[in-house]
Amino acid sequence: MKITTSDLKQDRQWSATIGMTRERFFILLDHFKNAYFQTYKAELSKRKVEVNIGYCINNEEELLLFTLFSLKSGLTYDTLGVVCGMSGSNAKRNQGIGLKILAQTLTKLKVMPERKLLTV
């Protein structure tokens with residue numbers, strides 16, 4: 001993925017890119033990794049070898065960063081793909097996976113909003 005956590009140097013950049021500080025991101029990441037493992041019974045880096053699909057996202061850290069960035073930026077899938085170095089269809093697929101794991105993470109932490117938006 002083109003954007004990485006090492007690209008974000010200041011809290012202002014973290015907040016502008018994903019809506020939270022570096023510290024909060026890495027706290028959330030620990031829980032996100034656990035939820036990913038519970039869902040797929042393997043780490044993302046090992047699973048991508050098993051399913052034999054070309055991935056632009058190599059680990060849970062990149063998946064969480066991508067998911068939060070996609071929510072914060074509001075870009076179309078095609079534009080999101082260009083910015084993050086993948087096709088529009090992969091951007092949509094990766095966001096779906098990331099949202100699923102993020103929802104499980106937030107539910108387990110008891111901070112998932114109860115209301116759901118069905119239409120915009």
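Points to keep in mind about this one:
- Residue-level check: of (1) part of a helix (DSSP H, G or I); (2) at pLDDT below 95; (3) crowded, with 19+ Cβ neighbours inside 10 Å, Ser70 misses just (2).
- The residues of segment 1-43 that are free of Cβ contacts under 8 Å to residues at least 60 places away in the same chain, outside any helix (DSSP H, G or I) and within 28 Å of Ser87 (Cβ to Cβ), listed by number, are Leu8, Gly19, Met20, Lys41, Ala42, Glu43.
- Within segment 78-120, the set of residues being part of a helix (DSSP H, G or I) and closer than 18 Å to Thr17 by Cβ comprises Thr79, Leu80, Gly81, Val82, Val83, Cys84, Ala91, Asn94, Gln95, Gly98, Leu99, Leu102.
- Just one of the numbered conditions (1) under 23 Å from Leu109 (Cβ atoms); (2) in contact (Cβ under 8 Å) with a residue 60 or more places away in the chain; (3) among the small types (Gly, Ala, Ser) is not true of Gly85: (1).
- When Lys33, Lys9 are screened for being closer than 13 Å to Ile101 by Cα, modelled with pLDDT of 95 or more and out of contact with any Phe, Trp or Tyr (no Cβ under 8 Å at 6 or more places or on another chain), only Lys33 passes.
The values are calculated or read from the model by the stated rules, or taken from the named source; none is laboratory data. Everything numeric here is computed off the predicted structure, so don't read it as measured data. Every residue, glycine among them, receives a Cβ derived from its backbone with ideal geometry; neighbour counts consider all protein chains shown.
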